Structure formats: structure tokens, C-alpha cells
Amino acid sequence: MTALVGALYASRRDLSDAGFSIYYMGINLGAFLSPLVCGYLGQEVSWELGFGAAAVGMILALVQYGIGTRGMGTLGAAPDNPLNYAERRRYGVGAAIGVVAAVGLVLLDLMVMHFSANVIELAITLVILVVPIAWFTRTLRAERDNREQRNRVLVLLVLFCAAAAFWLVYDQAGSTVAIFAQEDTRNTIGSVGFPSSWFQSVNPLLIITLAPVMALIWTALGVRGKQPGTAYKFAGGLFLVTISMGVMVFAAQAAIEGKVAAMWLIAVFAIQTVGELMLSPVGMAAATRLSPPNRVSQTLGVWFLATSVGDAIGGRLAQFYDALGQMAFFGLLGLIALVATCVVLALARPLGRLVED
């Protein structure tokens, strides 16, 4: 779907960041509604009903997608770079080997080894890290004779690492920050109480509200020729999650005396939302622009692995939440984001020289 959105703006690159911001609103409409429904059912009624509601939602989404693609014309109707017979055979054999290996590992776990959850998690983390490393290495080698495209892939690699650092911190909302919401936050606004899972709807609600504003800002700046480069937008997003972790440090300090007000977390999510809008839709637009021409969908698939890499590393770090203490843990996350901000700012001009647009 992201590749289709990129194709809509193929002839108007100046509008792509704004267009992806609007697309991002659609993504976050679902992200806003789902915690309200599934979170409430899971926490207040039964977990089975919560998961069942998620399944129903995905079925409805597929129906809506099938109807919606009728308005896309010929976009996505056929692959831009279809595999030939030899390639289909080679990839088919590779997929079959992968399935057999996966089934073998599952059977080995069930019957003989009984791997611990930590071992399985570590194995998944290693796979998540290896795949983008292998893809970027292979792509850079393939483009070694095309200097312009090689530079684009190098820029994409830097942005990928920056995005991974962003998601490492940002997606603590689903782990350590969610634990803080459950255990150390008063889940009330005024006299109205709510399940802690409803905090997950704050960010998408703010995105739906602010995405049109950001789209208008990027469009207006683009018309005037003053729109900041992608690297500077990334640095802004990283700096804002740095500030959000600073707020979490103060919230953790206040929680020593007892549960803190819900507004602490709402403030954190508000700061992070602006940061997300400076990085995530902008990153998707950049990935479509920087991709090798015949590999846009594949490049976007790799681009989304930046979230996986950040979450995998962030998940490993989350194990130290109790050992370090809340203040030190959130301070460490803020430091990681701050270092990433400085690195991206230092590289912004060199990256701009590699790829002018």
C-alpha cells in the first residue's frame, strides 16, 4: 500500500511528504479505535473477546481494502518488475526450504529441545538484524557501477539507522511506558476512570488531529522553497523523543511519592506524536524516492524493518527496566535518542551533497 501511495506522487515529489501525512491519518484511525475496543474488552471483559474483536476488525479491513482499490486505476494491478521463470523457480525453492526449516525448528522445540522464551526472542532478534544488513550489503554491491543510485542507497541506510533509533525509544509505549501506565499512573481524568490500555489511543488521536497541519506546513514550505531536508526532519523527530524521555524521567521521580496524574503520559505522547510526524511519513516518502527504480516495494518492505530493528533492540533493553530503576532507564533511552540526533545533524549536509533532492 505504501508503494501505491508513492506511485500517486511520482510526478510531484514536492507533495509526497504531505501526501504520506494524509495516508498516515488512515493508518492511525485504526490505531485510535482498536485500543478503545480491544483494550476495553480484553481488560474489562475477557482476553478471548479482545483478540476476537481484533480478528473481526482485520476481516472488515480486508473488505474495505478490496473496495477501495477500485479507485486506484491501474496502480498496483500488475508488478512493475515481474520475476521471470528462473527467478520464480529459484525463489520458490528458497521459500520451500524456509518453510521446511521453520517447521523443523518448531518440531525440534516441541519434542526435544524445549527452547526458553529468551532463546527464541534472541534468535528472532538476530534474524531481524541480519536481514536488513544483508539487503543493504547486497544492494550496494549491485549498484556499485551506478554512482547516483549507490549514493541514494547510502542515504537510505543512514535514515534507516536513524529510524531504528527513533522506534527503539518511541515504541516503549507498548512495553515499559505501558507498564508505567498500569502500575504508576492514575487512570482517571476528573472523576472518569478508564483502562490503562486506552492510553494507546492518545497518540493516534493526536496524529489524526495534527497530520493535516503538518501536511499543510510541508506543502507551504515546499512552495516557498524553504522546506527542510529529510535528514533535518529526522533530527527534529529524534530530538522530540529525547525530550519525551526527559518528561518520563520527571514522571518517574514524581511516581516515587505515589501514582502520577494521567496528564504526564498524555504530555509524553503529545511530544512524541509531533516527532513521529516529522519522521515516519517523511521516511516512507524518502524510501520511495531513494529506492532503486525497479525495487520500490521490496525497499519499502526493508524500510519497515527499521521499526522491527528498533523494537527488537528496545525489547532487549526493556529487560533492564526494573534493574536500572525507572528514572535511570528512561534517562538511558533519552541519551540514546540524543546521540542519534547529534549524529543525524552532523551527517545532514554530507547526505544532502550525496542526493540533492
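Bear in mind these aren't lab numbers, they're just calculated from the coordinates by the rules spelled out. Note that the structure is a prediction, hence the values are computed from the model and not measured. Quick reminder, even Gly has a Cβ in these numbers, built from the backbone with ideal geometry, and neighbours come from all protein chains shown.
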Q: Among Gly42, Gly19, Gly71, determine the one that fluctuates most according to a GNM of the chain built with springs between C-alpha atoms less than 10 Å apart.
A: Gly71
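Given 0.36 nm per residue, what is the gain on full extension from Ala117 to Val130 after removing their alpha carbon distance, in nm?
Values: separation 13, 0.36 × 13 = 4.68 nm, distance 2.01 nm.
Difference between extended and current length: 2.7 nm.
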Q) Given the stretch 1-121, what whole percent of its Cα pairs are spread farther than 23 Å? A) 64
Q. Which whole number in µm²/s is D for the stretch 100-198 by Stokes-Einstein, with the Kirkwood Rh taken over Cα pairs at 37 °C and 0.692 mPa s?
A. 183
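Which whole-number percent gives the relative contact order of the chain, counting Cα pairs below 8 Å spaced six or more residues apart?
Details: 368 pairs, mean separation 108.1, N = 357.
Across the chain, relative contact order equals 30 percent.
With a 10 Å radius around each residue's Cβ, average the other Cβ atoms per peptide and rank 246-254, 157-165, highest first.
Numbers: 246-254: 18.2, 157-165: 22.0.
Put in order of decreasing packing, that is 157-165, 246-254.
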Q.
What does the extension gain come out to for Ala261 and Val192, with contour length at 0.36 nm per residue minus their alpha carbon separation?
A. 23.6 nm
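From the C-alpha gyration tensor of the stretch 56-145, pull out the three semi-axes of the equivalent ellipsoid (sqrt of 5λ each), sorted largest to smallest, in whole Å. Write out the running numbers ahead of the final one.
Details: eigenvalues 208, 120, 51 Å².
Output for the stretch 56-145: semi-axes of 32, 24, 16 Å.
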Q) For q = 0.29 Å⁻¹, what log10 I(q)/I(0) does the stretch 142-209 give under the Debye formula with an equal point scatterer on each alpha carbon and no solvent? A) -1.19
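Give, in nm to one decimal, the length gained when the segment between Leu105 and Tyr91 is fully stretched (0.36 nm per residue of separation minus the Cα-Cα distance).
On the way: separation 14, 0.36 × 14 = 5.04 nm, distance 2.09 nm.
Gain on extension, Leu105 to Tyr91, equals 2.9 nm.
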Q: Could you tell me, in Å, what Rg and Dmax come out for the Cα atoms of the chain?
A: 21.7, 67
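In square nanometres, what is the average projected area of the Cα convex hull of the stretch 265-314? Provide the component values of the computation, followed by the final result.
Values: hull surface 16.1 nm².
Taking the Cα atoms of the stretch 265-314, their convex hull projects to 4.0 nm² on average.
Could you order the peptides 348-354, 147-153, 2-8, 59-65 from most to least packed, using the average number of other C-beta atoms within 10 Å per residue?
Values: 348-354: 14.4, 147-153: 16.7, 2-8: 19.0, 59-65: 9.9.
Those peptides, ordered most packed to least, come out 2-8, 147-153, 348-354, 59-65.
Would you calculate the convex hull of the Cα atoms in the stretch 253-357 and tell me its volume per residue in Å³? Write down the numbers at each step before the final one.
On the way: hull volume 13.0 nm³, N = 105.
In the stretch 253-357, the Cα convex hull volume per residue is 124 Å³.
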